[in-house]
Amino acid sequence: MKTVYLETFGCQMNELDSELVRGHLESLGYAFTAEPKDADVLLFNTCSVREHAESKAYSRVGIVGKRKRAGEKLILGVLGCMAERDGVDMLRRYPQIDLLCGPGELDKLPMLIDNVVRTTALEISTMNDVQDRVALAGNTSRRSAALSASADDLETLDLARAFDPDRATSGVRSAYVRITRGCNKFCTYCVVPYTRGAEVHRPPDSIVEECRRLAASGVIEVTLLGQTVNHYRYTHGVAVTLDGREQPQIGPGLSAFRNETIEDPNLTTFAKLLARIHDEVPELARIRFLTSYPKDFGDDVLQVMASRPRICRYLHVPVQSGSNRILKLMNRGYTVEEYLQFTDRVLEVLPDASIAGDIIVGFPTETDEDFELTKDLLRRVPFKNNFIFKYSPRPGTTAITRFEDDVPLAVKKLRNNELLVLQAEIGAAVHADWVGREVEVLVERLTNRSPIAHGAPSAADPRVSLGTALAPPMRGPRDEGSELAVQVSGRTPGDLITVFQVPTREQAQQLLGTIVRVRIEGSGPLILHGKMVDVDAALQNELRH
Ligand code: SAH
Ligand code: SF4
Ligand code: F3S
């Protein structure tokens, strides 16, 4: 049987897709390895959102090419958004790639691998058998009737998710749950609507059931995923299969968001979905969601959050720019003033809420004045962090055809750095506000003495590099009066990274995946640090469970 190495690039959607692919292949008998050298099937689940993301994957493809040319018998598959965006042309340019599988076709992956194995064994692999090695939605299928059928297959993949009964003891007690696929927004710079297709909402019953099963297998935190989670809407009974099951639904037009106050018993809105998960799966200690769109975020969602304590007061709600002119060119559909009204509304209803976002610098025609407006906006909102990206023209998007990429790279870099420094100041103030308070922390990893050096979320995560540079010096083990003191890190319900020390490595291991109380004593631009409240009681408590 084959051994698979699967590497994931890109967003949380891709992480979830990789988890589902892994579960699917494992159920068919494939083994997995963390070492590319030990694998005979190498799969890269790729991202197309910026050129940099693609170059990383291409460099891996190059390495595998060398190994294949040196005579190693390997199967190389490119999955995800890059496969969908580049299409079969990629096979011509990189003959070492054996199969392509778009993000909407992942249920077909085992069949593609089988086909490659068969044709390779018969040594008949040519460009003629391409259709057997490629599963892509293709641009033409967007909004076609075929979409709902393929979405339904994908629904099966989500539903067939492996629920690992060892999860409860493995320390991994956090899971992603998809609520919406695709995106209908067509921001002019963005490839996602082309790679992931039209917005499709999963039936709420499937989502609640998945949460329930995850909780039963030991998960205590779920993060609901969608490109624009607040656009989730499901009208019951509209699409019912012959055997009475409801099919996922293609998202409605934005007009559906008007008259939101009308109570329709057949409609599940995002607010209702959140409330259902909270109320029907009480074992979940934390319910979070990513990513929110600044428009169409109703007060109903805020009210549900305010009245249900286990829904995390954390909003990732990218603003992208502080200039109305640039927002318009980006086709974001809101103004700076509307964004500010939204964040004010959030903080009024949920004063403790953490707000995070994304910014693009150097969008075509962005002037110094536009950039100053972005800085003004940053100063106006207490952002706990912002991911800052340099505009990267993406093939197939409206922006690349309509606008010249006229902001020089040197200017993009300068603006990027300037925003990082400003965001560090803002983040420092947001985090400093928590000093002296007690917070609940879901313990995620041992970090040794440096909070960042080990087990950081991802080397590409700007939070991490900034955290390394600006985190306060960590006290050594001796400060705690023990040779063995170990530093651990986790997150508050508002997604604030928190580090603290525990007396021994063994105790730290025991606390992984549990929620503990920490008294905050200090802070940095991206980090809180403090002392665990009543270590002994927490450990006793954990030992009893
Ligand atoms: N659906 C989410 C974002 C998904 S992509 C939303 O609308 O908020 C994640 C982030 O990548 C975006 O928020 C944007 O800041 C950035 N991004 C997307 N396309 C980009 C491009 N062509 N160049 C630079 N950054 C880009
Ligand atoms: Fe891309 Fe815009 Fe959709 Fe986000 S909302 S995925 S930025 S098109
Ligand atoms: Fe990248 Fe596709 Fe996600 S382009 S950001 S992996 S949806």
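Quick notes on this one:
- In terms of the mean number of neighbouring beta-carbon atoms within 10 Å, the peptides 270-280, 66-76 order highest first as 270-280, 66-76.
- Rg/Rh for region 3-136, where both radii come from Cα atoms and Rh is the Kirkwood radius: 0.92
- Ligands, DNA and RNA left out, the 1.4 Å accessible surface of region 48-111 is 56% carbon and sulfur atoms.
- Inter-probe distance in nm under a simple model that places probes 7 Å from Cα toward Cβ, at Gln131 and Asp264: 4.0 nm
- Separation in nanometres of the label points that stand 7 Å from Cα toward Cβ, at Gln509 and Asp405: 4.8 nm
- Counting only protein heavy atoms and a 1.4 Å probe, region 322-431 has 44 square angstrom of accessible area per residue.
- Where Tyr176, Tyr30 fall by accessible area, highest first, once all protein chains stay in place (1.4 Å): Tyr176, Tyr30
- Computed E for Glu338/Glu72 - FRET, C-beta separation, R0 45 angstrom, nearest 0.05: 0.20
- Nitroxide proxy distance, nm - points 7 Å out along Cα→Cβ at Arg380 and Asp38: 5.4 nm
- Rounded to the nearest 20 debye, the dipole magnitude of region 322-431 is 320 debye, with +1 charges on Lys and Arg beta carbons, -1 on Asp and Glu beta carbons, and the Cα centre as origin.
- Packing-based ranking, highest mean first, of 339-350, 501-512 given that Cβ atoms within 10 Å are counted: 501-512, 339-350
- At R0 = 30 Å, FRET efficiency that the Cβ-Cβ distance of Glu7 and Lys413 yields, to 0.05: 0.60
The values are calculated or read from the model by the stated rules, or taken from the named source; none is laboratory data. Please read all numbers here as calculations on a predicted model, not as lab measurements. As a convention, Cβ positions derive from the backbone with ideal geometry for all residues, glycine included, and neighbour counts pool all protein chains shown. Accessible surface areas use protein heavy atoms only, side chains included; no ligands, DNA or RNA. Shrake-Rupley method; radii C 1.70, N 1.55, O 1.52, S 1.80 Å.
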